[in-house]
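Structure first, commentary second.
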Amino acid sequence: TPSVAVSGPAGYRQSLSATQTLSGIAVGSYTVTAALVVVPNPIVATVYAGTVTGETATVSAGATATASVSYAARPGSGALWVANSNGSTVVAYTAAQLGASTGAAPATALTTGAGAIQSGVAFDAGGNLWVASYSNNTVVEFTASQLGASGSPAPAVTLSATGGSLNRPTTLAFDASGTLWVGNVGSNTVVAFTASQLGASGSPAPAVTLSATGGSLNNPIALAFDVSGTLWVTNDVSSTVVAFAPSQLTASGSPAPAVTLSATGGSLNAPEALAFDVSGTLWVGNAGSNTVVAFTASQLGASGSPMPTATLSPNAGSLNAPVGLAFDASGSLWVANAANNTVVAFAASQLVGSGAPAPTVTLSGSSLAGPVGLAFDPPSENLPLR
């Protein structure tokens, strides 16, 4: 259903969801705007954007002015995007392709740069795709308009390293303000670039740099924000998950984490993936033990070595270096398996306890080559909003 607004003289405003003639209005200039429309889907929604023709319409006495709006699916939306660490590609599978196991080619495949080893992927609020290149020490942007077809588009924005700002970047996460956070395994830092710094290519100095203190950052491979704006980070080498409160993210330094989760009984073993579900439970992918474990929101309130409330174990290769996690709109958990070149899904009903469930969906095929980063466009509707 369209969502169009007409505004004009003396505070006039009218919302429209279909073609309509507005009669008896005052003489003057009117502005027509079209809001994005999100059409839900059990796996991933599709975002529709409106194009306005006659955005500013001037109405004179006794005359009619006409404007029109046409809606089309925003390129890139309605899909799960996967970054491949073996090769220079990021591929997309549509909601229809995600409904059942398949080895078919993805709907879209982008070649992102010669020799680039991709790692993290993330979407900003405008539907633009950001990709971290581990090998090139860059972070690049592809606009939504570049995501509609396979090819080798030139990045719209390329952020390059300066003074070690990007040093083997592996993971990306946007906060609520549109600031992009990047984990660097080469320097054991987490850096931030504000929305204004993301507007053009260059080598900007990070707005914030978090450095290690006492092993607080030790191969920071995954990032995720919770609903409070706290940043959670996995440390692959030390097998810990640490949290930095919003107040610790405002300036550069080496803050001690607000929370540190340590391993007990193999609960954390080379953790390399993070994702929050709708209840605030944190799910962690362990590359060292081929498991995915869950910690409830109540277990995240203080440092310690809590036992996971759920542990997913391998079932005939279902989990094999699980280094990417993402939840879909139904609460299913999608996992990127870097070691056997698959992406698998576990239904919400399979996540309520420990076990070795068989995936409900398995994506395979030659287009998956060391899959690592996962991102839905748009992000899952079932997640809590900040």
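Points worth noting:
- Extreme residue, most open to solvent (accessible area, probe 1.4 Å), among residues of the range 313-331 that are of a type in the set (S, T, N, Q) and within 18 Å of LEU368 (Cβ to Cβ): ASN320
- Qualifying strands (runs of 3 or more DSSP E) (wholly inside the range 128-217; at least 3 residues being within 23 Å of ASN86 (Cα to Cα) and modelled with pLDDT of 95 or more): 129-133, 138-142, 157-160, 169-174, 180-184
- GLN248 meets each of the listed conditions (1) of a type outside the set (D, E, K, R); (2) modelled with pLDDT of 95 or more; (3) in a loop (DSSP other than H, G, I, E, B) apart from (3).
- Identity of the residue in the range 124-163, of a type in the set (Val, Ile, Thr) and open to solvent by 10 Å² or more (accessible area, probe 1.4 Å), that ends up farthest from LEU274 (Cα to Cα): THR162
- When residues of the range 110-123 are limited to those that are crowded, with 17+ Cβ neighbours inside 10 Å and at pLDDT 90 or above, the one nearest to VAL37 (Cα to Cα): PHE123
- Count of the range 69-112 residues, restricted to those that are within 16 Å of the chain's Cα centre (by Cα) and outside any loop (DSSP other than H, G, I, E, B), is 11.
- Once the range 273-314 is narrowed to residues that are of a type in the set (Gly, Ala, Ser) and within 22 Å of the chain's Cα centre (by Cα), the residue that is nearest to SER119 (Cα to Cα) is ALA273.
- From the options VAL82, VAL44, residue that is of a type in the set (Val, Ile, Thr) and more than 30 Å from ASN167 (Cα to Cα): VAL44
- The numbered conditions (1) under 19 Å from the mean Cα position of the chain (by Cα); (2) over 24 Å from ALA275 (Cβ atoms); (3) among the small types (Gly, Ala, Ser) are all true for ALA173 except (2).
- The residues of the range 305-349 that are at positive phi and among the aliphatic types (A, V, I, L, M), listed by number, are ALA316, ALA321.
- Search result, residues across the range 160-171 that are aliphatic (A, V, I, L, M) and within 25 Å of LEU325 (Cα to Cα): LEU166
- Residues in the range 236-247 that are buried (at least 18 other Cβ atoms within 10 Å of the Cβ) and within 18 Å of ALA192 (Cα to Cα): VAL242, ALA243, PHE244.
- Residues within the range 281-312 that are aliphatic (A, V, I, L, M) and either open to solvent by 40 Å² or more (accessible area, probe 1.4 Å) or touching a Cys at 6+ places or on another chain (Cβ under 6 Å) (or both), tallied: 3
- Top-ranked residue of the range 332-353 - restricted to ones that are in a loop (DSSP other than H, G, I, E, B) and of a type in the set (A, V, I, L, M, F, W, C), ranked as surrounded by the fewest Cβ atoms within 10 Å (Cβ to Cβ): VAL352
- Residue selected from the range 205-232 under the condition β-branched (Val, Ile, Thr) and open to solvent by less than 30 Å² (accessible area, probe 1.4 Å), by the criterion nearest to ASP277 (Cα to Cα): THR230
- Candidate set: the range 248-271, residues that are touching a Pro at 6+ places or on another chain (Cβ under 8 Å) and not aliphatic (A, V, I, L, M); chosen: the one least open to solvent (accessible area, probe 1.4 Å): SER267
- Selection of the range 30-59 for residues being free of Cβ contacts under 8 Å to residues at least 40 places away in the same chain and open to solvent by 60 Å² or more (accessible area, probe 1.4 Å) yields THR33, LEU36, VAL39, TYR48, THR51, THR53, GLU55, THR56, THR58.
The values are calculated or read from the model by the stated rules, or taken from the named source; none is laboratory data. Not measured: the values here are computed from a predicted model. So basically every Cβ, Gly included, is an ideal-geometry build from the backbone, and we count neighbours across all protein chains shown. Calculation scope for accessible area: heavy atoms of the full protein, side chains included, ligands and nucleic acids excluded. Shrake-Rupley method; radii C 1.70, N 1.55, O 1.52, S 1.80 Å.
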